[in-house]
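Student: Before anything else, here's the structure in question.
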Amino acid sequence: MQQITIVGLGLIGASIGLGLKRWAAAQARGVPLTVVGYDIELLHQNEAKRIKAVDRTTWTLPEALTGADLIVVATPPSAVPEVFSAIAEHAPDGAVVTDTCSTKAAVLRWAAERLPSRLHFVGGHPMAGKTQSIEGADADLFRGAIWVVTPSLTASREAIETVLGLVAALGAEPRFLDAEEHDAYVAAISHLPFLLSVALMRVTSRDVAWREMRQLTAGGFRDTTRLAAGSPRMYRDICATNAPAITRWLDAAIAELESLRALIATGSEDALRELEAAFEQARDARAEWATQERRPGELLQDTAGELSQLSVGQHLQQLFLGGLLTRRRSLPERERQKPERDR
């Protein structure tokens, strides 16, 4: 009987439990698997048992670690050092330890400092989530998602294969990345969007006209501010553990906003043309991203609803033609006026 212990029963931890329980039941003759859960919040423990994300929970973390073959740490980053210390003291020899934190360099450093050589650490980060906690737990949360894997230097081949088996059981696709590289990437595509969402929500909600203004909000505002509903503690910890990468991308975003502001404030024909060109570049980059495929006919991103009645091929054709028209408009006026034979 294999035992998987999940430390932290929020959205990610409970969804891992649900996914593993379903996977084990679906295997031929079933898989002898026990999922043990622990969370400092008793309400999370009770809910995890109610939705059958775990087989049992324990009153203390040492109890949950007893007999564990695989330990999944799904806590906020600030809790990881203390959890690692408990794992170092109470986990059985040879246990494999992984995590789900949104930053990896700090977590790997803590693992090297606190986990003994008798344990094997393989870092992980599922690129999936919601703004909800355990109430949003879903066995399909990771299906088709990228799961970044960052093994420690001392991780055994068997430990890495164990974590890859976990990823496969949950329907995710593993991607090996260096920890520093991972942190630089997610600062741009995950942490910066959250901060921009927070900034928009704070700027608008603190305005004296917010009471009237909010009656006019629609899809654009809803979509852009959705991330601001995320866990304040989690994002505080993310900022604390990935500050250099986040500030780099914040600086780039601020510079871009200042550039757009200058064009808008100038308001001349040249400035407005440059502003439109910036909008076109962003639109085309978004279209290219939205139509990338994992496999023929299968979009990598969940953007099918955005493509209305057009096929992916038609969108790519529009993207190409749009770029061609943009390039033609950028030619000097007299160059465009030349007869075709003179070019």
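Student: Looking at region 123-147, which of its residues are under 18 Å from the mean Cα position of the chain (by Cα), outside any loop (DSSP other than H, G, I, E, B) and not small (Gly, Ala, Ser)?
Tutor: Selection gives HIS125, PRO126, ILE134, ILE146, TRP147.
Student: Among the numbered conditions (1) crowded, with 17+ Cβ neighbours inside 10 Å; (2) among the polar types (S, T, N, Q); (3) part of a loop (DSSP other than H, G, I, E, B), tell me where THR150 comes up short.
Tutor: (3)
Student: Looking only at strands (runs of 3 or more DSSP E) that lie completely in region 1-107, which have at least 2 residues being more than 17 Å from TRP147 (Cα to Cα)?
Tutor: Answer list for region 1-107: 2-7, 33-38.
Student: While we're looking at this one, here's another question. Those residues that are surrounded by 16 or more Cβ atoms within 10 Å (Cβ to Cβ) and of a type in the set (A, V, I, L, M, F, W, C), I need them from region 153-163; list them, please.
Tutor: Filtering region 153-163 down to residues surrounded by 16 or more Cβ atoms within 10 Å (Cβ to Cβ) leaves 155, 159-160, 162-163.
Hits for region 153-163 are ALA155, ALA159, ILE160, VAL163.
Let's see how each residue does on (1) charged (D, E, K, R); (2) in a helix (DSSP H, G or I):
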{"position": "LEU164", "(1), (2)": "no, yes"}
{"position": "ALA168", "(1), (2)": "no, yes"}
{"position": "GLY171", "(1), (2)": "no, no"}
{"position": "HIS182", "(1), (2)": "no, yes"}
{"position": "LEU195", "(1), (2)": "no, yes"}
{"position": "VAL198", "(1), (2)": "no, yes"}
{"position": "THR204", "(1), (2)": "no, yes"}
{"position": "ASP207", "(1), (2)": "yes, no"}
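Student: Checking the condition within 25 Å of PRO174 (Cβ to Cβ), aliphatic (A, V, I, L, M), touching an Asp or Glu at 6+ places or on another chain (Cβ under 9 Å) and open to solvent by 10 Å² or more (accessible area, probe 1.4 Å), which residue from ALA105, ALA53 passes?
Tutor: ALA105
Student: State which residue is nearest to LEU115 (Cα to Cα) when the search covers only region 165-176 and only residues that are in contact with a strand residue (DSSP E or B) (Cβ under 7 Å, 6 or more places away or on another chain) and surrounded by fewer than 18 Cβ atoms within 10 Å (Cβ to Cβ).
Tutor: Among those residues, the one meeting the criterion is PHE176.
Student: Turning to a different aspect of this structure: Go through region 189-245 and give me each residue that's under 24 Å from ALA74 (Cα atoms) and open to solvent by 100 Å² or more (accessible area, probe 1.4 Å).
Tutor: Matches in region 189-245: ILE189, ARG226, PRO232, ARG233, ARG236, PRO244.
Student: Is there any pair with a first residue in region 278-291 that is of a type in the set (Val, Ile, Thr) and a second that is part of a loop (DSSP other than H, G, I, E, B) whose Cβ atoms are under 8 Å apart and which are 6 or more apart or on different chains, and what are they?
Tutor: THR291/THR303
Student: Does THR225 fit the bill of being modelled with pLDDT of 70 or more and among the polar types (S, T, N, Q)? Spell out how you get there, then give the answer.
Tutor: Details: modelled with pLDDT of 70 or more: yes; among the polar types (S, T, N, Q): yes.
Yes: the conditions hold for THR225.
Student: Assess whether GLU181 counts as being surrounded by fewer than 19 Cβ atoms within 10 Å (Cβ to Cβ), closer than 18 Å to ASP69 by Cα and either touching a residue at least 24 places away in the same chain (Cβ under 8 Å) or not aliphatic (A, V, I, L, M) (or both).
Tutor: No.
Student: OK, next. Quick check on ALA188: is it over 17 Å from THR241 (Cα atoms), among the small types (Gly, Ala, Ser) and either at pLDDT 95 or above or within 12 Å of the chain's Cα centre (by Cα) (or both)?
Tutor: Details: over 17 Å from THR241 (Cα atoms): no; among the small types (Gly, Ala, Ser): yes; either at pLDDT 95 or above or within 12 Å of the chain's Cα centre (by Cα) (or both): yes.
So ALA188 fails the test.
Student: Further question on the same structure: With ARG273, ARG233 as the choices, which residue is modelled with pLDDT of 95 or more, of a type in the set (Lys, Arg) and out of contact with any Lys or Arg (no Cβ under 7 Å at 6 or more places or on another chain)?
Tutor: It is ARG273.
Student: Now for a different question. Select, from THR60, THR66, THR98, the only residue that is modelled with pLDDT of 95 or more, closer than 30 Å to LEU153 by Cβ and surrounded by fewer than 17 Cβ atoms within 10 Å (Cβ to Cβ).
Tutor: THR66
The values are calculated or read from the model by the stated rules, or taken from the named source; none is laboratory data. Bear in mind that the values here come from a model prediction, so they are computed numbers and not experimental data. Glycine also receives a Cβ, built like all others from the backbone with ideal geometry; neighbour counts cover every protein chain displayed. With ligands, DNA and RNA removed, areas are computed over all heavy atoms of the protein, side chains included. Shrake-Rupley method; radii C 1.70, N 1.55, O 1.52, S 1.80 Å.
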